[in-house]
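Reviewing the structure listed below.
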Amino acid sequence: MRLATPRERPGRWAAGTRSANALLAGGLFAVMAVLTLVSVNTGAPTRMPLYGWTLMAVACGALYFRLSHPIAVAVVTFAACGVFYPLTEPDGPLVIAFVIALYTAAAEGHLPAAGVLAAVSITVTVIADRRDDINHLADAASFLLAGWFVAVIAIGGVVRNRRAYLREAEERARVAERGREAEARRRAVEERLRIARELHDVLGHNISLINVQATAALHGLRREPERAEDALTAIKQASKDTLREMRATLGVLRQVDEAAPVTPAPGLARLDELTSGISAAGLAIRTKIEGDPRPLPAEADLAAYRIVQEALTNVTRHSSASTATVRVGYADDEVTVSVEDDGVPSSPGASGDGSGIRGMRDRAESLGGALEAGPGPGGGFAVRARLPIAAEEDDR
């Protein structure tokens, strides 16, 4: 069975409402007609006048429009009853149409108007009953009529409030669902950016080393074969490191169970391994540690490592530097890493506007830190990042 689309549902609801109203109007008229005929046949020998049937038809037919024009329908049924009961004999249950109209007006939010019509109808009925000496309505009947009107108006008001509550609950549910979908999309985007950043850093760094070593090997094959062998060994190690880190990154993507084994992410503990690999490409690197080295939170440790890695990659790609200095400073509430070289940037990639610099800055800012990149005070190029760690260490 095919479900209705959102555009089809309002039309189907309106069609169903019209059918229900038509059934209500026709059914009520049929019931009244039957009760009237039974009363005529069992009571005094009299006939319902034609205008009586007409008033019954008008009052019942007006109920077809009770949802679209609730006040007008209530007024029409009130007027029909006001004419019907004083002038027709025998009486019929036409007041039921007025009761339904009062309920509908209250349920559609016109509670004051429904109350006024009920009060007017009761007042007119009592006044008309006292115009002669015959007590057409007993005292109990007057109270019963008033109770009917109050009850149906109160029920209509309760239904109105219930509908409003349900609509509000549905709207809150829709808003919450949209919020969950937006949050899921945001997390998916952040995860894609994180993976893209990891792949960029891993592939960019190691492929840059392979490129540099391959160039050295090509030049060394003819002039210095022993250096060509060293370059090929470095290429082998760089490609091995690339495969290892690629497997680690892809392993995270394949994980479907939190209990699955996770390859430890690189951190500052592997800084010597990182600098030695780049030194093999011909760049002299000095490492300086300031403060007391200590384990860092995983995210800060990875970010610090990747920032140093990307900064050194930029040196080999975009600079003619021969030396670079890596500084790691440990403080109580933060760790700082910096990379300074003595070369001259040769492309915008190392000037602070390239994707590598943006990636490093994103890493630092995602942890609440900051990154600065630009010409160094003594020449060359410098990258300095500050990563807060106190809050994360308190959680450990």
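Computed quantities for the displayed model
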quantity	calculated
Order by protection proxy (mean Cβ within 10 Å, highest first), peptides 283-291, 77-85	77-85, 283-291
Hz values of 3J(HN,Hα) by residue in the range 98-115 - Karplus curve (6.51, -1.76, 1.60), Gly and Pro given as x	5, 4, 4, 5, 5, 4, 5, 4, 5, 5, 8, x, 9, 5, x, 5, 4, x
Packing-based order for 368-379, 198-209, using average beta carbon neighbours within 10 Å, highest first	198-209, 368-379
In order through the range 332-344: 3J(HN,Hα) via Karplus (6.51 cos²θ - 1.76 cosθ + 1.60), integer Hz, x for Gly, Pro	5, 10, 7, 10, 10, 10, 9, 10, 10, 10, 10, x, 10
Calculated from backbone phi, Karplus (6.51, -1.76, 1.60) coupling profile of the range 285-301 in Hz, x at Gly/Pro	10, 10, 10, 10, 10, 10, x, 9, x, 7, x, 10, x, 4, 5, 5, 5
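None of the figures in this text is laboratory data; all of them are computed from the coordinates on show. Remember, it's a predicted structure, so these values are computed and weren't measured experimentally. In this analysis, Cβ positions are derived from the backbone assuming ideal geometry, glycine residues included, and neighbour counts consider all displayed protein chains.
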